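Inspection log for the structure reproduced underneath, given as structure tokens.
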Amino acid sequence: MSLKMLVIAAAALLPIAAEAGDRPKEGTETYNNIWVVTSSSVVKSGDGFVSTQALSGVTTNDEGGLFNNNTGNCLLVYGKFNGVEYLRGSCVKADKDGDQFFEEVGAHDGKIGTSTLAGGVGKFAGVTGEETFTSTPMKSPDGHDMYLTTTKVHYKLP
């Protein structure tokens, strides 16, 4: 390979290296999710219920950052018994480059939820962190269940 070709190849990689090097190894961001429930099943018991939900959605963050313009899929179990709400499940989210991270949704009291970042691939490899979120139930014009969530995440990368 000629020196000229080697220089061109190295120059082409500089933006990738600079982008990865500029990314903070730890930080806090706030982002919004818009979720659409793509399937749901409900079992009622007295005045309580349990439901399984599959959701798809997008994230946005007006300030940019690691958690901006991501897509996601979640599988959740949501219920309410004796006036107490709960939520458990898992989510996989991906950025525009296809790099993914995983979340374990841990709790929800009807107003505030929590989840844990449990690793990922690509730029999210080894990510850990904690999230808190608020969720507002909504309906689309054609009757689909939707949620608007605002999430605050504190993350660490290796």
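Readers should treat all values here as calculations from the given coordinates under stated rules, not as data from a laboratory. Quick caveat: nothing in here was measured; it's all calculated off a predicted structure. Glycine gets a Cβ as well: all are built from the backbone with ideal geometry, and neighbour counts include every protein chain shown.
Here are the numbers for this structure:
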item: Folded to 0 to 90 degrees: helix 3-22 orientation relative to the chain principal axis, Cα; result: 30
item: Segment residue 82-residue 104, length gained on full extension (0.36 nm per residue, minus Cα span); result: 5.5 nm
item: Normalised per residue, the volume of the convex hull around the Cα set of the chain (Å³); result: 136
item: Per-residue Cβ neighbour rank within 10 angstrom, fewest leading, 145, 62; result: 62, 145
item: Stretchable slack from residue 23 to residue 62, in nm (0.36 nm times residue separation minus alpha-carbon distance); result: 12.3 nm
item: Cubic angstrom per residue, convex hull over Cα atoms of segment 102-158; result: 94
item: Sparse-neighbourhood loop sites, trypsin sites (Lys or Arg not before Pro) in segment 45-112 - DSSP loop, at most 16 other Cβ within 10 angstrom; result: 96, 111
item: Summed side-chain charge close to residue 85 - residues other than residue 85 whose Cβ falls under 10 Å, Lys, Arg +1, Asp, Glu -1; result: +1
